[in-house]
4 protein chains.
Amino acid sequence: MTSTVISLEAVLEKADQYRNWGKWGPDDELGTVNNITPDKIIEAAALVRKGKVFSLALPLDAGGPMTGAYGRVNPIHVMLQDGGDVASGAQEHLAELRYTDDAVYLVLQCATQWDALAHIYHEGKMYNGYGTEAVSSQGAAKNSITAVKDKMVSRGVLLDIATYKGKPWLDVSEPIEAADLAGAAEAHGVEVGPGDIVLVRTGRIGFVRERGSWGDEYSGGPAPGLAISSSEFLCERGVAAVATDTWGIEVLPNETADVFQPLHIILLVNAGIHIGEMFDLEALAADCREDGVYEFMFVAPPLTVTGSVGSAINPQAIK
Amino acid sequence: MTSTVISLEAVLEKADQYRNWGKWGPDDELGTVNNITPDKIIEAAALVRKGKVFSLALPLDAGGPMTGAYGRVNPIHVMLQDGGDVASGAQEHLAELRYTDDAVYLVLQCATQWDALAHIYHEGKMYNGYGTEAVSSQGAAKNSITAVKDKMVSRGVLLDIATYKGKPWLDVSEPIEAADLAGAAEAHGVEVGPGDIVLVRTGRIGFVRERGSWGDEYSGGPAPGLAISSSEFLCERGVAAVATDTWGIEVLPNETADVFQPLHIILLVNAGIHIGEMFDLEALAADCREDGVYEFMFVAPPLTVTGSVGSAINPQAIK
Amino acid sequence: MTSTVISLEAVLEKADQYRNWGKWGPDDELGTVNNITPDKIIEAAALVRKGKVFSLALPLDAGGPMTGAYGRVNPIHVMLQDGGDVASGAQEHLAELRYTDDAVYLVLQCATQWDALAHIYHEGKMYNGYGTEAVSSQGAAKNSITAVKDKMVSRGVLLDIATYKGKPWLDVSEPIEAADLAGAAEAHGVEVGPGDIVLVRTGRIGFVRERGSWGDEYSGGPAPGLAISSSEFLCERGVAAVATDTWGIEVLPNETADVFQPLHIILLVNAGIHIGEMFDLEALAADCREDGVYEFMFVAPPLTVTGSVGSAINPQAIK
Amino acid sequence: MTSTVISLEAVLEKADQYRNWGKWGPDDELGTVNNITPDKIIEAAALVRKGKVFSLALPLDAGGPMTGAYGRVNPIHVMLQDGGDVASGAQEHLAELRYTDDAVYLVLQCATQWDALAHIYHEGKMYNGYGTEAVSSQGAAKNSITAVKDKMVSRGVLLDIATYKGKPWLDVSEPIEAADLAGAAEAHGVEVGPGDIVLVRTGRIGFVRERGSWGDEYSGGPAPGLAISSSEFLCERGVAAVATDTWGIEVLPNETADVFQPLHIILLVNAGIHIGEMFDLEALAADCREDGVYEFMFVAPPLTVTGSVGSAINPQAIK
């Protein structure tokens, strides 16, 4: 379906055009999250009108979308103390109280998640020009997701492309162009501007649920998603972040034969726009279709794992 | 300092008095989080007046407060791909794009965190009467923290007991009685009611920072904290949750010779009030002292680890 | 292929007949490993005639046989320090020396492994009558694999059933009866007696290699393997341990409609015979076919993980 | 106690003198393990005279020597299924059989262990000249410990330096010179030659046991150990491997002001001699003192973690 073949040069041109390195100083680690001003936060809170909260997180468990490729396994949850210990008398050293306890081995980008600005490199540089030495085995010294630990609070806007196109879900490899984003915004009656966090729905999680399995493609395979032209919409409006309900936000196969995930290079490396992936937008979208309101307060704090280059999150859309 | 010795009978009496089992039906897994109504959420959002966000999370890293006792180790962060791989050419199978990736072994209650209602048992029962078979090695089938995945959005109130008592921080083993909570609320000009989430500051994280180490006592040792009488304040007002800046919310040594952590039995097991621990309240408290406003919107979504009995969190206080 | 349906009663009868509880005292945690006498060890060492060592271990990596079912994931190997850190200058705090370091998350029975006597229960009891309280979330207080940390040194005997039956490998679900074991021993010119460790080859790892994948069945699925009658051969001869090149030693589907893995109940729970699984016997078997010698010194020490109920191992057959 | 200050030049001179790069071909990954010939293995087996086995492994548990520095935490053992699950009915989907299962997060060099030849770099090179690109976040492509998966079977010789010096244990920072090794060998009535694996006892584990704690120094701190001159004894005799009962085999503080762990550079990087650390030699040494026999068969297979740069082991000394 992704018929247009776009050249590396065209990608690099857009990367140049939208590059924000140095815009907020040589030490900046926030990128367009800088566009979330105090007024924006106040504006976001004012969108809470019916007191309804949507969790946009997939469950973190062994049934998740990961295949194990490249070390990305699903979460491994282990109990350190459980009800069996309570029942068997293993805690009788405690007076009256009994407890349970647990831990998880969590690949930080295994499900609903933020990519940190440190997640992607191009030609040896990440956002704001930091080099490869900035991410050692000890983690990221620059652009860790912890840089935004108190920043992911803003106005959220849902652009439900599947509904806009009159479908329950987009087809595999169906591209979302800038015009689709603009058209959906208009149809939904919302404007998108600086500091907004844009959630783009393809409906693929709905498809996966109906099928009853993640299938071969949901994680790492062909997917509908943002085309390179979408950068025009996102970068020119100064959005703080963009997320989809797919594994990698981009249309796959990519439009580029000689660049893998070109939008990551434009958005994350150059423009400094944070990327969210595998957001479960199904219940939120149903509500938006029902009340016609596609904007809301959005709060999605990352875990504070020092030096981490991404974070599993439980994003909250509050209407 | 905890001079009053309170009997097991007195604890059980309070447990009986404040027990909410069955109040929201036999299948309830929310407890007093049920008190967070849509109106409460709208009221919370209306408290966002200056557009300022505070992250209340400690860093998740090897320098955290855990000692390893009972399997509670500090977070272990590992890089699956890092800048060294980008530089060495280990990713040359990818076209143009290069990436970093990571994972964490995370004890779910190792730092700033929620206790799930499944975290504590008394006499073989947890909140709402569920038995020990409800938490196996596969996790909690009832009262997992995931039950509140879209519920931890409400009005937050800071009760800064240290400031109220005219100290930078409370002494080790200094109890916080119901009267202290009421006095601080009055001094701060706030009322506490149903569905509120109450954050109680002892100042001990400030003390730890000044000392430059967690010391022997911060995790698992003697601490200032809530006395049993505090349950009168918290339960009678119907708060949704209560959190402190200490490891276990309660005054330690406990006031009870024959019950360990008696308030956990009253609040978590019986009243169904969620408990938060190791919240970093220092920056928030400084701001509240400055502007005199001790209420705010509070958003603290747990991770969605299926069956988990607690969750590391990054709570957001939004003023 | 497993046509005979054997009743629960028949299984229990054999379990009774071969039960060794109390035989080596009420505190015994070794079972028939007690049959490995000093003379047996000397006899084993005398079998080292050509100075050739065979490692019988599968590789421990992401390409292993585990499917993730029941939490049994393949090993997760992570680098704590690597060559990229050396190259990038991340270790310049060290004088001259540079290093690499690593860790693994290892499900202890994910590949070539010993089952501890604590691995299996029947009617609430494991070997020697220890109850369920003996294995809490803190591990096994009795019958841990660490009980044999200096015991897995003995004479090894290979019974190559596939070769004996004139096949490269047994068919899925092909049973190995007592008569097959006796016949193979005779054909190989070996006797099996007290304290021996018997390695039974089905050839399925050879099949998997030829096919190029573990397939659906290798881990957890249908398999050739030991039939219930094999217990007559193994228990009456007093072998210390028995291992196969399949995931669970037994023929699957089992011969029993109402008992899962009945031989585990007879051998591990009752007779106290340690069980080894997923031993890679291909190279060893080729050598035995060549020189006609099916006995050797066998050394397979478990890891010393305190309280563990199994252990990944790298067994050494020394001829 | 380490009074002599040795220069970097002197270290590099010894490194040059004993360098074995290319000796066994440009692709060699074994180093002096090549000296373990079939005859050597036969000779080793002939040393089994009384049928007694010693496990030289420390327990792998939370009470181990690691401090957490540099990510080296003690083993984290977790139960995936335990007796509590059996008792509570959580396994009633299984017919008759019940089971326990477990896993471990294991830093591969956290206790008794082999250093792989890939563990140490000097001037960007490891043994046989392989570069930093050979160890990525995916592990070691060269010189992994798995290269010796069937090689660590040889004659073992115990050199009990503490006993030789008439002490229960050496003092902190007491050096072991070449002359001490030669003197102990003579006193013990053993010769050391090509392919031997030499175990050097300082007695510090005995000291730790008497003190009742690992103390500040056992892991990573000052220690008695091999001085640089010991390389003359070890390299000129062509030993396959050398191990001690201390954390890093070398005397600490090192004799060199400007090189950390200089013997690692000489032995591991240049001579290709495998290094073993934290071997528990106490029981073996007591037996050797008793029967006067300081040689034995030694079998210490590493785990087969693909690409690993070290391995926890359970070495077996068989007399």
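Just a few scattered comments:
- On the basis of the beta-carbon distance and an R0 of 22 Å, D:Glu123 and D:Ala179 show a calculated FRET efficiency of 0.15.
- Neighbouring partner chain Cβ atoms per residue of B:47-57, average, 10 Å criterion: 6
- Centroid-to-centroid, using Cα positions, the stretch D:48-86 and the stretch D:278-319 are 16 Å apart.
- Proximal charge balance of B:Ala44 [Cβ under 10 Å; K/R count +1, D/E count -1]: -2
- Total charge dipole magnitude, the protein assembly as shown, about the Cα centre, Cβ charges on Lys, Arg, Asp, Glu only, Debye to nearest 20: 0 debye
- Label-point separation in nm, C:Lys167 to D:Arg211, each point 7 Å along Cα→Cβ: 6.1 nm
- The lysines whose alpha-carbon is closer than 26 Å to the alpha-carbon of D:Lys149, local same-chain residues fewer than 8 away aside, are C:Lys40, C:Lys50, C:Lys52, C:Lys149, C:Lys151, C:Lys319, D:Lys23, D:Lys40, D:Lys52, D:Lys125, D:Lys319.
- Per-residue ³J(HN,Hα) for the stretch D:174-185, Karplus 6.51 cos²θ - 1.76 cosθ + 1.60, θ = phi - 60°, Hz, x for Gly and Pro: 7, x, 10, 8, 3, 5, 5, 5, 5, x, 5, 4
- Averaging the sequence gap over all C-alpha pairs within less than 8 Å and six or more residues apart, then dividing by the number of residues, gives the stretch C:1-155 a relative contact order of 28 percent.
- In the stretch C:163-319, Cα pairs under 8 Å separated by at least six residues give a relative contact order of 24 percent.
- MRE, 222 nm, helices only [DSSP H, n ≥ 4, -39500 (n - 2.57), over the protein assembly as shown, to nearest 500]: -5500 deg cm²/dmol
- Straight-distance candidates among the lysines for linking to D:Lys165, with alpha-carbon spacing under 17 Å and chain neighbours fewer than 8 residues away dropped, are absent.
- Sequence of D:Ser213, A:Ser7, B:Ser229 once ranked by neighbouring C-beta atoms within 10 Å, starting from the fewest: D:Ser213, A:Ser7, B:Ser229
- Simple label model, 7 Å out from Cα along Cβ direction - B:Leu8 to D:Ala95, nm: 4.6 nm
- Residue (of B:Ser137, B:Ser154, B:Leu106) at the positive-pole extreme of the stretch B:81-166, dipole from beta-carbon charges: B:Ser154
- For B:Arg209, A:Arg237, A:Arg98, the sequence from fewest to most other C-beta atoms within 10 Å is B:Arg209, A:Arg237, A:Arg98.
- Evaluated at q = 0.10, 0.13 Å⁻¹: base-10 log I(q)/I(0), Debye formula over Cα of chain D: -0.56, -0.93
- Peptide D:110-121 has a mean of 3 when you count, residue by residue, the C-beta atoms of other protein chains within 10 Å of its C-beta.
- Share antiparallel - DSSP beta bridges, chain D, percent rounded to 5: 60 percent
- DSSP beta bridge pairing in the stretch D:195-315, given as percent antiparallel to the nearest 5: 10 percent
- Seen from B:Glu210, the other residues with C-beta closer than 12 Å to its C-beta sum to a net charge of +2, counting Lys and Arg as +1 and Asp and Glu as -1.
- Relative contact order of chain A, pairs being alpha-carbon contacts under 8 Å that are 6 or more residues apart, as %: 32 percent
- Projected over every direction and averaged, the convex hull enclosing the alpha-carbon atoms of the protein assembly as shown yields 47.6 nm².
- Among C:Val107, A:Val11, a tally of other beta-carbon atoms within 10 Å of each Cβ gives an order, fewest to most, of A:Val11, C:Val107.
- Distance between the stretch A:137-191 and the stretch B:93-125 - C-alpha centres, whole angstrom: 25 Å
- Principal semi-axes of the equivalent ellipsoid, √(5λ) from the alpha carbon gyration tensor of the stretch A:152-281, are 21, 18, 13 Å from largest down.
All of the numbers you see were taken from the coordinates with simple rules; none came from a lab. Quantities reported herein were computed from a predicted structural model and do not represent experimental measurements. Quick reminder, even Gly has a Cβ in these numbers, built from the backbone with ideal geometry, and neighbours come from all protein chains shown.
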